[in-house]
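Read through the structure below, which is laid out as structure tokens, and then see the notes.
Values in this text are rule-based calculations from the coordinates and carry no lab data. Not measured: the values here are computed from a predicted model. Positions of Cβ are backbone-derived with ideal geometry, glycine not excepted, and every protein chain shown enters the neighbour counts.
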Amino acid sequence: MIKKNQFVLIFLTIVTILAVWYIKTPTTAQTNNELNDNVDETISETTRLDVFQDLREVVRQERSIETAKYDSILADEAASLEEKAVALNSKDRISSLTEKELLLELQVINLGYRDAFVHVVTNGVEVTVISEEVSASKANEIILMTLNSFDTDAESVVVNFSRLEDYQ
């Protein structure tokens, strides 16, 4: 009889420990958001301009509103399966565009530029680069990077070179 009680107590202890561990462990989404926040803070402290940060925030808010609209369609019981599929695809597209924009910005900055702002518009992609010199070959390099990053989303690519003094 004592052995059964000991087994039950050990089993309950293990279940309790696992439950506490599971509750305390952050979810993947939380971890990714924290990592993205840390990356954004690190980048903004070192190279990012406030003007571009404001533009990014505006774009983020617009996309959050769109995503909320699609979430409401997904949560609506009256919505058809087709409407839900379209909403889910649209949410995935928004997420993919945001990711591609951020990655391209980082690639452009890695080329040696002070900052960059990439934004997908209705007819293509606009890239604004902070640089003291304007070069057609550098613009072509950025255009090729953009076309490689955005595949079918980039019907046209516009690269604008701006000076740091224009934003201070």
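Couple of notes before you dig in:
- q = 0.15, 0.21 Å⁻¹: log10 I(q)/I(0) that the Debye formula gives for the stretch 47-167, counting C-alpha atoms only: -0.71, -1.15
- Protection-proxy order for peptides 124-131, 7-14, 60-67, each taking the mean of Cβ atoms within 10 Å per residue, highest first: 124-131, 60-67, 7-14
- Taking each residue as 0.36 nm, the span from residue 60 to residue 134 lengthens on full extension beyond its C-alpha to C-alpha distance by 23.7 nm.
- Bridgeable lysines around residue 69 (alpha carbons under 27 Å apart, same-chain partners fewer than 8 residues away excluded): 84, 91, 100.
- Derived scalar couplings between HN and Hα for the stretch 130-135 equal 8, 8, 7, 10, 9, 9 Hz in order, rounded to whole Hz, by the Karplus curve 6.51 cos²θ - 1.76 cosθ + 1.60 (θ = phi - 60°), x for Gly and Pro.
- The stretch 47-167, relative contact order in percent, only Cα pairs under 8 angstrom and at least six apart counted: 21 percent
- Inter-label distance for residue 16 and residue 156, nm, one decimal - labels placed 7 Å from Cα along Cα-to-Cβ: 6.8 nm
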